[in-house]
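Visitor: The structure is given below, and queries will be raised subsequently.
The values are calculated or read from the model by the stated rules, or taken from the named source; none is laboratory data. Everything numeric in this text was worked out from a predicted model, so none of it was measured. Every residue, glycine among them, receives a Cβ derived from its backbone with ideal geometry; neighbour counts consider all protein chains shown. Heads up: the accessible areas ignore ligands, DNA and RNA and are worked out on the full protein's heavy atoms, side chains in. Shrake-Rupley method; radii C 1.70, N 1.55, O 1.52, S 1.80 Å.
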Amino acid sequence: MRLYNLMKSRFGFLNWWPGDTEDEIFIGAILTQQTTWSNVEKAISNLKGSQALSVSTLSSMEAAEIEKLVKPSGYYRQKANRLRSLSSTIISEHGSLDGLLGLSPKALRETLLKMKGIGPETADSIMLYAAGKPSFVIDAYTKRIMHRVFGTPPGIDYGSLKAVFESSLPRKLALYKDFHAQFVELGKRYCKTKPACGGCPAAPLCQYANHGFSVSSSAAKPQNAKKRASQ
Ligand code: SF4
């Protein structure tokens, strides 16, 4: 919690994962795979403009129509096929997205993970942001920051790192959402591939900033990290 408090005291409470509806959040979670959010926004805007930003609409569209709309998000053929097949499965097996998201947390996660194209990070994002069920999301920023700050193994598997958080935090939806958002903010602003430790709010706790160690072959150790971190 100390890491969370340090980040939150700098960035404030972050109201994160844009999306007005469960459908928009679900579709955004698929589109954001392997691309930046700015590209997803263009695809979402296209879907919205064509009144296709819903699972039930996508389930009855041709993949070629969806391709045109989601093209800005990259890997558009794969994503169009994925959206169409996921939407069809959801409608045929659960009646609606609400029907799927209304499953118990355990059943929902298991069901999502059985769907083609949904891995643990996407499943947890859908659970947390679309279904409103506390399920801690681990992304590349979380792995990188936890490695640098606390020395967790860089290759730690998804489930083990998720368990670190879920076994120690109160199971609160707002906390899980905000913790994830804080990691993203820290990763974008400071803990980039090449860390910018000077002024980083996590520096007082950070093993890398205070003692230095090899974080990866591509990430150079910052010069005078300890000195700058203490400024
Ligand atoms: S102090 Fe440096 S290495 Fe540590 S979290 Fe901040 S940017 Fe990353």
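Visitor: Count the net charge of all other residues whose Cβ sits under 13 Å from the Cβ of Pro134, scoring Lys and Arg as +1 and Asp and Glu as -1.
Guide: +4
Visitor: Rounded, prolate or oblate, given the Cα gyration tensor of segment 68-118, with a/c below 1.5 counting as rounded? Don't skip to the answer; put the middle values down first.
Guide: Details: a/c = 2.73, a/b = 2.00, b/c = 1.36.
Prolate.
Visitor: For the chain, what class follows from the C-alpha gyration tensor (a ≥ b ≥ c being the square roots of its eigenvalues): rounded when a/c is under 1.5, otherwise prolate if a/b is larger than b/c, else oblate?
Guide: Because a/c hits 1.5 or more and a/b exceeds b/c, the chain counts as prolate.
Visitor: Oh, and also: Going by a ≥ b ≥ c, the root eigenvalues of the Cα gyration tensor, does segment 22-130 fall in the rounded group (a/c under 1.5), the prolate group (a/b larger than b/c) or the oblate group? Kindly include the intermediate steps, with their values, before the conclusion.
Guide: Numbers: a/c = 1.78, a/b = 1.40, b/c = 1.27.
Judged from the Cα gyration tensor, segment 22-130 comes out prolate (a/c at least 1.5, a/b above b/c).
Visitor: Sort 83-94, 177-188 by the packing proxy (mean of other Cβ within 10 Å over each peptide's residues), most packed first. Intermediate values should be presented prior to the final figure.
Guide: Numbers: 83-94: 18.2, 177-188: 20.8.
So the order, starting with the most tightly packed, is 177-188, 83-94.
Visitor: What nm distance separates the two modelled labels at Asp98 and Ala196, each placed 7 Å from Cα along Cα→Cβ?
Guide: Label-label distance for Asp98 and Ala196, simple model: 4.5 nm.
Visitor: Do any of Lys116/Lys162; Lys71/Lys177; Lys116/Lys143 go past 26 Å between their Cα atoms, and which? If you can, show how the numbers build up before the last one.
Guide: Details: Lys116/Lys162 22 Å; Lys71/Lys177 29 Å; Lys116/Lys143 24 Å.
Too far apart for the 26 Å limit: Lys71/Lys177.
Visitor: Taking all protein chains as present, what is the carbon and sulfur share of the accessible area of the chain, in % to the nearest whole number, probe 1.4 Å?
Guide: Accessible surface attributable to carbon and sulfur in the chain totals 51 percent.
Visitor: Relative contact order of segment 9-89: what whole-number percent is it, with Cα pairs under 8 angstrom and at least 6 residues apart? Don't skip to the end; give the middle numbers.
Guide: Details: 82 pairs, mean separation 24.5, N = 81.
The value is 30 percent.
Visitor: Probe of 1.4 angstrom, ligands and nucleic acids ignored: what's the accessible area per residue over the chain, in square angstrom? Provide the component values of the computation, followed by the final result.
Guide: Details: 11160 Å² over 231 residues.
Heavy-atom SASA per residue in the chain reads 48 Å².
Visitor: Could you compute the FRET efficiency for Asp157 and Ser50, with r as their C-beta to C-beta distance and R0 at 30 Å, rounded to 0.05?
Guide: 0.15
Visitor: Starting from the Cα of Trp37, step 7 Å toward the Cβ, then list every residue of segment 141-177 with an amide N under 17 Å from that point.
Guide: 141-143, 174-177
Visitor: Take the Cβ-Cβ distance between Ser167 and Thr57 as r, set R0 to 41 Å, and report the resulting FRET efficiency rounded to the nearest 0.05.
Guide: Rounded to the nearest 0.05, the efficiency is 0.55.
Visitor: Gain in length, Ala174 to Phe11, computed as 0.36 nm per residue apart minus the alpha-carbon separation, to one decimal in nm?
Guide: Full extension from Ala174 to Phe11 adds 57.1 nm.
Visitor: At 222 nm, what helix-only mean residue ellipticity would the chain give, in deg cm²/dmol to the nearest 500, using -39500 (n - 2.57) for each DSSP H run of four or more?
Guide: -16500 deg cm²/dmol
Visitor: Could you tally the net charge around Gly151, taking each other residue with its Cβ under 14 Å from the Cβ of Gly151, Lys/Arg +1 and Asp/Glu -1?
Guide: +3
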